[in-house]
Amino acid sequence: MPLVVEDGSGKANANAYVSLEGCDEYHASMGNSAWVVDDEDADNIAARETAIRKATVFIDRKYNGRFLGRRQGASQALMWPRWNAIDEDGFVIEDVPDAVKYATCEAALRAFQGMDLMPDMERGGQVIQETIGPISTTYAAGAPAGTRYDMIEGLLRPCLSGGGLRLVRA
């Protein structure tokens with residue numbers, strides 16, 4: 001399945017926020033040597049494209065309810081582009097913002113390395129009691145059950161609603 005990159009028009013068949021070339025350039029500029037580029041190897045190309053598709057799905061599913069604004073159309077495949085998305089400085093966010101593209105690249109790196117971005121969740125977090133025989137583990141109340149992706153969330157911050165009161169100058 002080829003990458004169909006969202007170009008800001010709200011494509012009904014888009015499955016990626018960033019092109020393979022764009023993702024390759026991002027990782028080269030960041031010095032991410034784990035993103036192995038071998039354009040002579042069809043399996044490597046396919047693995048990188050698959051990682052980008054998985055990363056795009058992750059970004060959309062994980063941050064769907066937190067993105068600023070509203071989707072431009074019901075027929076568009078992805079969550080971006082959006083209407084009424086205004087950043088913290090009051091600028092309108094048009095098309096697919098670079099922050100979303102860069103976050104997709106970071107998520108793609110993790111997927112490329114074999115990390116499941118949306119695993120089925122098991123209880124995790126701070127252990128407050130552990131018994132070795134017969135095995136017993138107790139977790140603190142409110143302990144997180146999943147992996148936090150601080151780099152990805154940090155990149156997306158300008159595109160996410162904070163949940164607080166927001167004033168926009170008319």
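Couple of notes before you dig in:
- Number of residues in region 106-128 that are at pLDDT below 90 and either more than 14 Å from Arg148 (Cβ to Cβ) or in contact with a helix residue (DSSP H, G or I) (Cβ under 9 Å, 6 or more places away or on another chain) (or both): the value is 5.
- Complete set of residues in region 30-81 that are outside any loop (DSSP other than H, G, I, E, B) and β-branched (Val, Ile, Thr): Ile45, Thr50, Ile52, Thr56, Val57, Ile59
- Qualifying position, being at pLDDT below 95 and either out of contact with any Lys or Arg (no Cβ under 6 Å at 6 or more places or on another chain) or under 29 Å from Ser161 (Cα atoms) (or both), among Met1, Met30: Met1
- Residue under evaluation Asp41, criteria (1) farther than 21 Å from Leu155 by Cα; (2) crowded, with 19+ Cβ neighbours inside 10 Å, criterion not met: (2)
- Taken over region 82-93, the residue count meeting the criterion of being assigned to a loop (DSSP other than H, G, I, E, B) and under 22 Å from Ile52 (Cβ atoms) is 1.
- Screening region 74-94 for residues that are modelled with pLDDT under 95, out of contact with any strand residue (DSSP E or B) (no Cβ under 8 Å at 6 or more places or on another chain) and loosely packed, with under 14 Cβ neighbours inside 10 Å and picking the one that is farthest from Ser33 (Cα to Cα) gives Gly90.
- Residues being of a type outside the set (Phe, Trp, Tyr), touching a Ser or Thr at 6+ places or on another chain (Cβ under 9 Å) and not in a helix (DSSP H, G or I) - total across region 13-29: 4
- Applying a threshold of 9 Å to beta carbon distances and a minimum spacing of six or more residues, or different chains, the list of pairs starting in region 107-136 at a residue that is more than 15 Å from Ala55 (Cβ to Cβ) and among the basic types (Lys, Arg) and ending at one that is surrounded by 14 or more Cβ atoms within 10 Å (Cβ to Cβ) and modelled with pLDDT under 65 reads Arg123/Tyr139.
- Checking each residue in region 1-32 for being more than 20 Å from Ala103 (Cβ to Cβ) and either charged (D, E, K, R) or touching a helix residue (DSSP H, G or I) at 6+ places or on another chain (Cβ under 9 Å) (or both) picks out Met1, Pro2.
- Members of region 45-70 found to be in contact with a Lys or Arg (Cβ under 8 Å, 6 or more places away or on another chain) and free of Cβ contacts under 8 Å to residues at least 24 places away in the same chain, listed by number: Arg70
- The lone exception for Pro97 - which of (1) surrounded by 14 or more Cβ atoms within 10 Å (Cβ to Cβ); (2) more than 26 Å from Leu3 (Cα to Cα); (3) at pLDDT 85 or above it fails: (2)
- If the condition is being touching a residue at least 40 places away in the same chain (Cβ under 8 Å), under 19 Å from Trp80 (Cα atoms) and not small (Gly, Ala, Ser), then region 5-44 contributes Glu6, Asp7, Lys11, Asn13, Asn15, Tyr17, Val18, Cys23.
- Residues in region 64-73 that are within 14 Å of Leu160 (Cα to Cα) and surrounded by fewer than 16 Cβ atoms within 10 Å (Cβ to Cβ): Asn64, Gly65, Arg66, Arg70.
The values are calculated or read from the model by the stated rules, or taken from the named source; none is laboratory data. Bear in mind the structure is a predicted one, so any value in this text is a computation, not a measurement. Using ideal geometry, Cβ is built from the backbone for each residue, glycine included, and neighbour counts are taken over all protein chains shown.
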